[in-house]
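Enquirer: My questions all concern the structure below.
Each reported figure results from applying straightforward, stated rules to the coordinates on display, with no laboratory input. As the structure is a computational prediction, the values presented were derived from the model and not from experiment. Here the Cβ positions follow ideal geometry from the backbone for every residue, glycine too, while neighbour counts run over all protein chains shown.
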Amino acid sequence: MTTKPALRLAMPRPELEESFRRAAAEFPYDEETLSYERDLATRDFDQYVRSTQAWANGRDLPRGWIAVSTFWLAEGDEYIGTVNVRHKLNDWLLRYGGHIGYGIRPSKRRMGYGTEICRLGLEEARKLGLKRVLITCDADNVGSKKIIESNGGVFEDEVPQPDRPVGKRRYWFDL
Ligand SMILES: CC(C)(COP(=O)(O)OP(=O)(O)OC[C@H]1O[C@@H](n2cnc3c(N)ncnc32)[C@H](O)[C@@H]1OP(=O)(O)O)[C@@H](O)C(=O)NCCC(=O)NCCS
């Protein structure tokens, strides 16, 4: 009998580099999500790992960024997806971006990992001391809308976006 490797969330780590690179190659170039992760990590993986640690501690942040904790969902040694937990909101995050963003590698979608990474991201937000968390999604992102709603997000409103023809749906979670 084979046992399924454990599914867990952890900060980006060098043992998962190869698996992350394979996952990064699955993303089409026109899919914006996680492109910043992919660009940084494929250019200089060690620096990327150091940067995510610094950003989580509020250090060396690119201009305009809020401190952010980055976690990878992995099953054993296989990279599955990324969740970013921002420690607070600025004006743009309050209207469009929210506290938490996530992405699942294309070959692992529609298997429940998105729902799980959101749940685990909310747990991390709670550990960071956040009491109220905002998660947003494009109105046409059916998967993300279902993930947010099944994790208990309370719909506030849908706001127009300056750069997209669809609205952004905003949901709150009391932790
Ligand atoms: C959105 C995303 C995270 C979904 O991840 P996932 O692992 O496929 O999600 P799950 O398997 O947990 O699916 C959750 C639900 O959404 C449904 N779903 C997922 N993708 C869907 C799609 N493209 N179209 C319709 N339904 C979809 C699933 O069937 C499931 O429905 P159920 O609860 O009725 O069974 C993934 O497609 C992704 O990474 N997309 C790019 C990044 C992104 O959009 N991130 C979210 C930003 S707000």
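Enquirer: Among residues belonging to segment 105-114 that are within 14 Å of GLY143 (Cβ to Cβ) and either part of a helix (DSSP H, G or I) or among the aromatic types (Phe, Trp, Tyr) (or both), point out the one that is nearest to the chain's Cα centre (by Cα). Before you say what the answer is, go through the steps one by one.
Expert: Taking segment 105-114 first, the residues within 14 Å of GLY143 (Cβ to Cβ) are 105-106, 108-114.
If we keep only those that are either part of a helix (DSSP H, G or I) or among the aromatic types (Phe, Trp, Tyr) (or both) too, we end up with 106, 108, 113-114.
On the way: PRO106: 14, LYS108: 15, TYR113: 12, GLY114: 10 Å.
Looking at the filtered set, the residue picked out is GLY114.
Enquirer: Something else about it: ALA125 fails exactly one of the following numbered conditions: (1) more than 13 Å from the ligand (Cβ to nearest atom); (2) outside any strand (DSSP E or B); (3) exposed (fewer than 14 other Cβ atoms within 10 Å of the Cβ). What is the number of that condition?
Expert: With respect to (1) more than 13 Å from the ligand (Cβ to nearest atom); (2) outside any strand (DSSP E or B); (3) exposed (fewer than 14 other Cβ atoms within 10 Å of the Cβ), ALA125 is out only on (3).
Enquirer: Out of (1) in contact with a Phe, Trp or Tyr (Cβ under 9 Å, 6 or more places away or on another chain); (2) in a helix (DSSP H, G or I); (3) surrounded by fewer than 21 Cβ atoms within 10 Å (Cβ to Cβ), the odd one out for ILE117 is which?
Expert: (3)
Enquirer: Scan segment 153-175 residue by residue and report those that are exposed (fewer than 12 other Cβ atoms within 10 Å of the Cβ), farther than 14 Å from TYR96 by Cβ and not β-branched (Val, Ile, Thr).
Expert: Pass one, segment 153-175, residues exposed (fewer than 12 other Cβ atoms within 10 Å of the Cβ): 154, 157, 160, 162-163, 165, 174.
Cutting the leftovers down to farther than 14 Å from TYR96 by Cβ gives us 154, 165, 174.
PRO165, ASP174 - these are the residues of segment 153-175 that are exposed (fewer than 12 other Cβ atoms within 10 Å of the Cβ), farther than 14 Å from TYR96 by Cβ and not β-branched (Val, Ile, Thr).
Enquirer: Oh, and also: Please state which of the following conditions VAL133 fails to meet, knowing it meets all the rest: (1) outside any helix (DSSP H, G or I); (2) out of contact with any helix residue (DSSP H, G or I) (no Cβ under 6 Å at 6 or more places or on another chain).
Expert: Evaluating VAL133 over (1) outside any helix (DSSP H, G or I); (2) out of contact with any helix residue (DSSP H, G or I) (no Cβ under 6 Å at 6 or more places or on another chain) leaves (2) as the failure.
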